[in-house]
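Shown next, in structure tokens, is the structure this report addresses.
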């Protein structure tokens, strides 16, 4: 998507995006919280994060830590 920042999660199926870096990271936090809450609600185990050294990135990509609070009430 030209002009957007796309955020993917190496250990969880799903992605989000934002028109700038701030929006992309904000959307990533919300998306990750929803994805992890969904995993927990199905009684599944949250996957162990891939070590940073093993994450392969396309050119012009970078890794950023995203915080997620699955106990936070998420409004739909």
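Peptides 9-19, 49-59: what's the order by average Cβ count within 10 Å, highest mean first?
Numbers: 9-19: 13.9, 49-59: 8.1.
Most protected by this proxy first, the peptides run 9-19, 49-59.
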Contact order relative to length for the chain, counting C-alpha pairs under 8 Å separated by 6 or more residues, stands in percent at 27
Across 44, 29, 60, the residue with the highest GNM fluctuation in the chain (Cα network, 10 Å cutoff) is 60
For percent of Cα pairs over 16 Å apart the list reads [x] 76; [y] 42; [z] 53; the calculated value is entry [z]
Listed with the fewest Cβ neighbours within 10 Å leading, 33, 23 appear as 23, 33
For the chain, the longest principal axis of the Cα atoms and the Cα long axis of helix 21-41 enclose an angle in degrees, to the nearest 10, of 30
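Read the figures in this text as sums done on the coordinates, not as results from a lab. Since the model is a prediction, treat every value here as computed from it, not as a measurement. Backbone-built Cβ (ideal geometry, glycine too); neighbour counts: all protein chains shown.
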